Structures are given as C-alpha cells and as structure tokens.
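In what follows, a structure is listed as structure tokens, so that the remarks can point back to it.
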Amino acid sequence: MMSKWDTSVFYFDFDLLYSGYVTAGEISSPKNITILSPDRDNLVENLKLVIDKTSKTKSLIVLDSLNGFFNLLEGKKDTARLVNSFIMLLVSSVKDVKSCVVVGSLSRLNDENERVLYNTGRHVLENDHITKILLTQSNNEIVAKTSDPDNLILDF
C-alpha cells in the first residue's frame, strides 16, 4: 500500500520488524518511504522532523505499532497520556495539508466486547475523527472492515 502512495511516507517502526526485513534484504523499501526507528533518546527529534515536513506537504505517517509505542515509553509516568498526546500532535499538524496518519496495532475483544490492545489490555483510542479498520484473513485474502464505511479515508 505504501509504495502506491504518491507522496512521502514517514514510517515509525517501533517494533523494528519492518526495518529489520528491509535491512536483511527480505523486502525492498520504496524510495518515497523514510523509515524511523525511534528509541527513548531520539523520539522527540524524530517527531519534530516529521511534524516539520508533514505540516507543509501532503504525506502519510505510519505508526507501527501502537503496542510498540507504548512499550517504548513503558515505565514513564502517564504513558497513555504521552502516547495519545504525541498521536494527536501528529494528527493536528497534518490536518491543513490533508495528510493521513495510520496507527497499526494488535487488538482483541475483552470480556465487555471492547477492543483493547493485545497483551497490555489498554483501550484502543476512541475519537470521532478516527476510523478503525479491522484486517482479517479469510480464504487466503485480507479483508478490511470498518465500523463506519462512510468515513473511510484510505482506498485499499
């Protein structure tokens, strides 16, 4: 999907899986993608760089993954508030140029039938401007479902 995007893509690889495959030569990375591998020391600098660039020109920002983002900041006071604030900062900075922010995560249904992050049990972000897309595999095909088909931003 990212290779078909005709603008710059900034890929925050919190779990280092994608960048690992690229580094190992298992997959190639299209020229329009900038892979960022944030850690506690460079997270703020990476965010500043991406906000500066994406607030001026249409871009796609991919946060892979929400689970990894939480793990990066684990142990900090108010981790959930920090993660939510960083995401909202990114989203508000790209609003005027109609860029898109995609946040990936593994989730599961809890006992109350609510989506929570896999392993941590943290609630998945809720907002009127967020479109949740559930990817499932059926008959060797990836199926994308959304709870609000009228609000779908990306075309698969």
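The values are calculated or read from the model by the stated rules, or taken from the named source; none is laboratory data. Being a predicted model, the structure only gives us computed values, none of them experimental. Heads up, the Cβs are rebuilt from the backbone with ideal geometry, glycines too, and the neighbour counts pull from every protein chain shown. Note: accessible area is taken over every heavy atom of the protein model, side chains too, but ligands, DNA and RNA are not part of it. Shrake-Rupley method; radii C 1.70, N 1.55, O 1.52, S 1.80 Å.
See the values below:
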{"quantity": "Simple spin-label estimate for Ser92 and Asn140 in nanometres, 7 Å along Cα-Cβ", "calculated": "4.8 nm"}
{"quantity": "Label-to-label distance, nm, for residues given as Thr57 and Glu74 (7 Å Cα→Cβ offset)", "calculated": "3.7 nm"}
{"quantity": "Amide proton proximity set for Ser105, modelled H, under 5 Å, gap of 5+", "calculated": "Leu66"}
{"quantity": "FRET efficiency estimate (nearest 0.05) - Cβ-Cβ, Asn110 to Glu45, R0 41 angstrom", "calculated": "0.70"}
{"quantity": "Links that overshoot a 32 Å alpha carbon limit, given the list Lys58/Lys132; Lys31/Lys77; Lys31/Lys132; Lys76/Lys145; Lys4/Lys76", "calculated": "Lys31/Lys77; Lys76/Lys145; Lys4/Lys76"}
{"quantity": "Within the accessible area of the stretch 4-46 (1.4 Å probe), percent carbon and sulfur", "calculated": "50 percent"}
{"quantity": "Rounded accessible area of Asp41 (nearest 10 Å², 1.4 Å probe)", "calculated": "150 Å²"}
